[in-house]
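Participant: The structure's right below; bear with me while I get my questions together.
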Amino acid sequence: MKQQTSTLTILPVLFGFFIMGFCDVVGITSTHVKADFGLSDTLSNMIPVALFSMFLLFSVPTGMLMNKIGRKRTVLLSNAVTMVAMLIPLLSYTFATSLAAFVLLGIANTILQVSLNPLLTNVVKGDKLTSSLTAGQFVKAISSFSGPFIAAFAASRLGNWQYIFPIYALITLVSTIWLLTTSIHEEISVNTASSFGSVFGILKDKTLLLLFLGIVFVVGVDVGINTAAPKILMERCGMNTIDAGYGTSMYFAFRTAGAFIGAILLARYSAARFFKITTVVAVIALAALLFASGQVAVFALLAIIGFSIANVFSIIFAMAIQLHPDKGNEISGLMITGVFGGAVIPFIMGVASDAVCSQVGSVTVILLSAIYLLFCSFAVKPKL
């Protein structure tokens with residue numbers, strides 16, 4: 001009976017990872033917003049900038065809030081903000097309201113990413129925790145993968161791709177009700193919360209600085225491909241916005257497969273070696289993407305990039321924690337803050353692509369980010 005209760009408690013928490021994957025809809029959204037309002041790449045890429053900038057601003061404050069109100073309430077707060085964000089484009093669809101919606105979604109996703117993983121530790125203990133965290137990441141990956149398909153369904157069956165937003169709001173409402181009706185025991189921490197100064201002071205450690213920048217750039221590569229993939233297919237293969245969105249799905253499908261296979265391989269091979277091999281493959285594939293023009297070639301390269309980059313975030317995160325296990329909370333907060341790379345890199349991509357009037361500019365910026373990851377894989381000596 002206890003096992004059944006435990007399983008019923010885990011499921012609504014794991015379902016929260018599906019909501020976490022909503023942030024990856026920025027790729028297909030920026031493509032549609034660009035087409036709908038005739039924007040430049042620089043302006044359309046302000047959508048991911050608006051979202052991922054919030055990770056820089058709200059990660060540490062969320063940790064402080066979570067110590068006061070608890071993990072479950074913090075997750076519920078993120079769901080409430082998500083629902084408001086998803087309703088804005090339905091009420092008024094302009095470039096300005098799209099930016100406002102993704103600012104709110106960025107705040108919500110930051111709150112969720114900081115609070116949901118710790119909440120999982122309240123319902124899963126011991127040797128089952130790692131597998132449960134992995135399961136959560138697979139749920140998130142499924143959400144990311146399904147986004148373009150939901151947008152295509154909304155466009156073809158409901159008449160407008162924007163109906164993806166109320167669909168997401170409804171899914172979030174289901175998640176909220178499920179979690180509200182689930183009893184989870186947790187103790188509110190009375191420890192002093194970390195401050196901005198204490199968290200960023202950790203960067204005095206040069207190895208941690210390298211790894212922090214690694215998080216910035218790996219998220220930049222991830223969001224960069226998510227954002228650029230549909231535009232590359234439209235520019236080079238003449239695809240429409242809906243069909244081009246499947247390039248993003250291809251990337252996420254193989255990123256999901258890469259995470260699954262990576263979990264198996266990492267049980268046999270060292271993370272440091274795996275880091276080197278996968279980043280070499282990613283750099284080669286991105287270099288090839290600079291020149292690829294055929295639809296098959298572009299889709300294949302997107303798949304290779306997704307497969308090779310799938311485990312880099314978790315490897316860097318684990319390396320950072322292993323350096324100073326006694327400062328695990330501070331380092332975790334710092335790594336989540338680094339997700340703001342998803343704002344910086346797409347902005348630079350937009351400027352670069354507008355400067356050369358081609359997605360070659362965007363891919364070049366992503367390639368340079370991957371080259372840093374390759375440098376990081378050889379420069380950092382993991383603490384075993």
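The values are calculated or read from the model by the stated rules, or taken from the named source; none is laboratory data. Since the structure is predicted, the reported quantities are computational estimates derived from the model, not experimental observations. Cβ sites come from the backbone with ideal geometry, for glycine too, and all protein chains shown count toward neighbours.
Participant: From L334, L373, L289, grab the single residue that is under 20 Å from C237 (Cα atoms), of a type in the set (A, V, I, L, M) and crowded, with 19+ Cβ neighbours inside 10 Å.
Facilitator: Selected residue: L289, the only one of L334, L373, L289 that is under 20 Å from C237 (Cα atoms), of a type in the set (A, V, I, L, M) and crowded, with 19+ Cβ neighbours inside 10 Å.
Participant: Go through S353, S358, S362 for me and flag whichever is of a type outside the set (D, E), in contact with a helix residue (DSSP H, G or I) (Cβ under 6 Å, 6 or more places away or on another chain) and over 26 Å from N311 (Cβ atoms).
Facilitator: Unique residue meeting the criteria: S353.
Participant: Could you please give the count of residues in the range 269-306 that are of a type in the set (F, W, Y) and at pLDDT 95 or above?
Facilitator: Result for the range 269-306: 1.
Participant: Please identify the pairs in which a residue from the range 117-144 that is among the hydrophobic types (A, V, I, L, M, F, W, C) and assigned to a helix (DSSP H, G or I) has its Cβ atom under 8 Å from the Cβ atom of a residue that is at pLDDT below 75 and exposed (fewer than 15 other Cβ atoms within 10 Å of the Cβ), counting only partners at least 6 apart or on another chain.
Facilitator: Matching pairs, first to second residue: L119/E186; L120/L129; L129/T121.
Participant: Just checking, how many residues over the range 242-290 are over 22 Å from V223 (Cα atoms) and of a type in the set (D, E, K, R)?
Facilitator: So the count comes out to 2.
Participant: Same structure, new question: Which of the following residues is charged (D, E, K, R) and at pLDDT below 85: K72, K68? Break it down stepwise before answering.
Facilitator: Values: K72 fails: at pLDDT below 85.
K68 is the lone residue from the list that is charged (D, E, K, R) and at pLDDT below 85.
Participant: Among the helices (runs of 4 or more DSSP H) contained in the range 1-47, which hold 1 or more residues that are modelled with pLDDT of 85 or more and basic (K, R)?
Facilitator: The helices (runs of 4 or more DSSP H) meeting that bar are 26-37.
Participant: Given the conditions (1) of a type in the set (G, A, S); (2) in a helix (DSSP H, G or I); (3) surrounded by fewer than 16 Cβ atoms within 10 Å (Cβ to Cβ), and given that A303 satisfies all but one, which numbered condition is not satisfied?
Facilitator: (3)
Participant: OK, next. Which numbered condition trips up G63, out of (1) surrounded by 19 or more Cβ atoms within 10 Å (Cβ to Cβ); (2) closer than 24 Å to M335 by Cβ; (3) modelled with pLDDT of 85 or more?
Facilitator: Among (1) surrounded by 19 or more Cβ atoms within 10 Å (Cβ to Cβ); (2) closer than 24 Å to M335 by Cβ; (3) modelled with pLDDT of 85 or more, the lone unmet condition for G63 is (3).
Participant: Check the range 69-79 and report whether any residue there is in the same structural domain as K140 (by TED's automatic domain parsing), within 30 Å of D36 (Cα to Cα) and small (G, A, S).
Facilitator: Looking for residues that are in the same structural domain as K140 (by TED's automatic domain parsing), within 30 Å of D36 (Cα to Cα) and small (G, A, S), one finds at least one in the range 69-79, hence yes.
Participant: Test I111 against the stated conditions and say whether it is crowded, with 24+ Cβ neighbours inside 10 Å and either touching a Gly at 6+ places or on another chain (Cβ under 6 Å) or at pLDDT below 95 (or both). Break it down stepwise before answering.
Facilitator: Numbers: crowded, with 24+ Cβ neighbours inside 10 Å: yes; either touching a Gly at 6+ places or on another chain (Cβ under 6 Å) or at pLDDT below 95 (or both): yes.
Taking the combined requirement at face value, the residue satisfies it.
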